[in-house]
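Here is the structure we will look at, set down as structure tokens.
The values are calculated or read from the model by the stated rules, or taken from the named source; none is laboratory data. Worth saying up front: this structure is predicted, and the values here are computed from it rather than measured. Positions of Cβ are backbone-derived with ideal geometry, glycine not excepted, and every protein chain shown enters the neighbour counts. Only protein heavy atoms, including side chains, enter the accessible area calculation; ligands, DNA and RNA are left aside. Shrake-Rupley method; radii C 1.70, N 1.55, O 1.52, S 1.80 Å.
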Amino acid sequence: MDRRHFLATTALAASASLLPAVASTTTAAAPSPGMDMFKRVNFGTDGLGLNAREYATLLHEAVTARPFPADFYSNGGVIEEIEKAFAECLGKQAAMFVPTGTLANHIAIRKLAGNDRRVLVQAESHLYNDSGDCAEVLSGLNLIPLAAGGRMPMLDEVKQWVERSAHGRVEMKVGAISIESPIRRLDHQMVPFAELQRVSAYAREQGIRLHLDGARLFNLPQHSGRSVRDYAALFDTVYVSLWKHFNGSTGAILAGDASFIEGLYHTRRMFGGSLPRAWPNVALVPRYLEHYAEDYARAWQSTERLIALLEADGRFRVRRIPDGTSRFFLGVAGVAPDVFSQRIASANVYLPQAIPDTGEFPIDVNATILRMTPDALARIFIGAIG
């Protein structure tokens, strides 16, 4: 086992003992033979992209595999089991279920900032662009966007804003820094670990608290050689999506120190986030948490083989992203993109819409690629050119 795979799997293996046993199938396998489900290769999703019938089938299996403890207003039961498992995975003392990532990010920076209302964020982050100004409107925070067009504010830019805030005519302090990695709006690029270390060290010197928007955090070890615990250790709080990788219907985990998480469910309830029964949303998560790193590594092994076969054909071009994680771009010569994707779809392979100005398809790597061999997929791709 190589170092990256070891780092990616160690934390997950450590947490597996905290989760009750469920039906032992990997993410790529259909749970029941003969069913016309769980067969599509979907290059447009983070996880498996389960449809309603597939989710209902797996949900039934999850609740009948053992005595299944339901939660009450998002407390206790399987919710508590998952919270403990993720806290262990991330090396944090405690964790709390939150129904959406938007709310997890909001609650985190709201409490981290306290009375120091300025919060430094990436200009390209989900928190700044896709959360409806919730931090400003609902919590009176002042989000300062940095590194426009780039991945990460460099340390000099962070220092400039911290000093500018402290030495204005009205002294203001930066209360928190929020960083997203991988960054969805930048095609899942990751922030260099060394830069995270520098900003984290400076923030701690200044008494500024840090939050990691790690919606897709569990992809990073495969590409960076750093474990999820390595990343989480640089931050006071961490958010992880439960549906992007672990095939919940929705949901997020917010992890941090026990003193931070204690009583935070009251804030969750204040914002309308304490679902009366949250267990149907997350019942599948234990099944996929245990094997995620292994399946993601295998998915990339198959993807590399597929890429090699397509490039050898000569009519396909692959564009990788610097510091990329789960996405690359595929161009096809000799056929219109929409015609190509329609032909691919007839073979039970889904491609997202091609980018209009380039004709390239954004390809997201996930465990559905394990449902076919790379050679079989290559034959489908090559045959679709016509």
All-but-one check, Ile177 against (1) β-branched (Val, Ile, Thr); (2) closer than 24 Å to Ala104 by Cβ; (3) part of a helix (DSSP H, G or I), failing number (3)
Given the condition hydroxyl-bearing (Ser, Thr, Tyr), open to solvent by less than 20 Å² (accessible area, probe 1.4 Å) and under 24 Å from the mean Cα position of the chain (by Cα), answer yes or no: does some residue in the range 303-311 qualify? yes
Neighbours by Cβ (under 7 Å, 6+ apart or cross-chain): first from the range 266-288, closer than 13 Å to Glu80 by Cα; second crowded, with 22+ Cβ neighbours inside 10 Å and of a type in the set (Ser, Thr, Tyr): Ala278/Ser74
Out of Ala347, Ala354, sole residue that is more than 20 Å from Arg184 (Cα to Cα), open to solvent by less than 40 Å² (accessible area, probe 1.4 Å) and not in a helix (DSSP H, G or I): Ala347
Condition first: among the aromatic types (Phe, Trp, Tyr) and open to solvent by less than 30 Å² (accessible area, probe 1.4 Å). Now tell me which residues in the range 40-55 satisfy that. Phe43
Can you name every residue in the range 190-210 that is touching a residue at least 24 places away in the same chain (Cβ under 8 Å) and either among the basic types (Lys, Arg) or farther than 24 Å from Arg327 by Cβ (or both)? Gln197, Arg198, Val199, Ser200, Tyr202, Ala203, Gln206, Ile208, Arg209, Leu210
Across the range 233-285, what is the number of residues that are open to solvent by 40 Å² or more (accessible area, probe 1.4 Å) and charged (D, E, K, R)? 4
Taking the conditions exactly as written (among the hydrophobic types (A, V, I, L, M, F, W, C), crowded, with 16+ Cβ neighbours inside 10 Å and not in a loop (DSSP other than H, G, I, E, B)), does Val158 satisfy them or not? yes
Can you name the residue in the range 357-377 that is assigned to a helix (DSSP H, G or I) and under 28 Å from the mean Cα position of the chain (by Cα) and is also farthest from His291 (Cα to Cα) among such residues? Leu377
What pairs come out if I take residues in the range 104-125 that are closer than 10 Å to Asn142 by Cβ and pair them with residues that are of a type in the set (Lys, Arg) and buried (at least 21 other Cβ atoms within 10 Å of the Cβ) whose C-beta lies under 9 Å away, six or more apart or interchain? Ala113/Arg209
Condition set under 14 Å from Phe381 (Cβ atoms) and surrounded by fewer than 17 Cβ atoms within 10 Å (Cβ to Cβ), scope the range 322-342, selection nearest to the chain's Cα centre (by Cα): answer is Gly331
